[in-house]
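The numbers here are math on the coordinates, done by the rules we state, and not lab data. Just so we're clear, the structure is a prediction, and the values are computed from it rather than from any experiment. As a convention, Cβ positions derive from the backbone with ideal geometry for all residues, glycine included, and neighbour counts pool all protein chains shown.
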Amino acid sequence: MLLGCSVMLQRELELDANGVTTAVAHLMSNPGYPTHPVRIAACAKTMAVALVPALAMVAVVINAQPIPAPKCAIRLSVEVTPDVPNPGDGGFLSSLLGNHTEYQLFLLRLVDDTHVDLQLQGPGPDDRCRAVVDSMRDDGRVLSIDTT
């Protein structure tokens, strides 16, 4: 069906290119004519159905790319002030990063009400990772951070 659509459209273009305009109105009213609305709708549906699997395959290939390993990965033991209600809360952890949006903190273990073990990951290099840890140390809710 897809081949038939392209042949019909090509034939229509050839007719237009050759300047053949006689009886166009009569031919357009014929359901077999390539520019009849029914034929155009059928071709459009056929082309759409043919393109969906191809686009799905492209999406799978794009999503199949491996995620690069972080250049910075540091384990942290963090002690927070007792007024932090849940030191393992995702919102709290992300707030510790401040403006360092390219870095992430992962909760490894909730030790007790004021201690958590975390992993900091990001693009690096090492001096930028240390700068992120230093900015976390400046947070008033953090009492201490040990790196391992």
Can you tell me how many residues in segment 116-136 are loosely packed, with under 14 Cβ neighbours inside 10 Å and either in a loop (DSSP other than H, G, I, E, B) or among the hydrophobic types (A, V, I, L, M, F, W, C) (or both)?
3
Answer yes if at least one residue in segment 116-137 is more than 33 Å from the chain's Cα centre (by Cα) and not charged (D, E, K, R), and no otherwise.
no
Just name the residue that is nearest to Thr81 (Cα to Cα) out of those in segment 96-115 that are under 23 Å from the mean Cα position of the chain (by Cα) and assigned to a loop (DSSP other than H, G, I, E, B).
Leu97
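Residue by residue through segment 76-110, note down the ones that are without any contact (Cβ under 8 Å) to a residue 60 or more places away in the chain, over 20 Å from Gly122 (Cα atoms) and not acidic (Asp, Glu). Let's see the steps before the verdict.
The first filter runs over segment 76-110 and keeps only residues without any contact (Cβ under 8 Å) to a residue 60 or more places away in the chain, leaving 82-110.
Of the ones still in play, those that are also over 20 Å from Gly122 (Cα atoms) are 82-87, 110.
The answer is Pro82, Val84, Pro85, Asn86, Pro87, Leu110.
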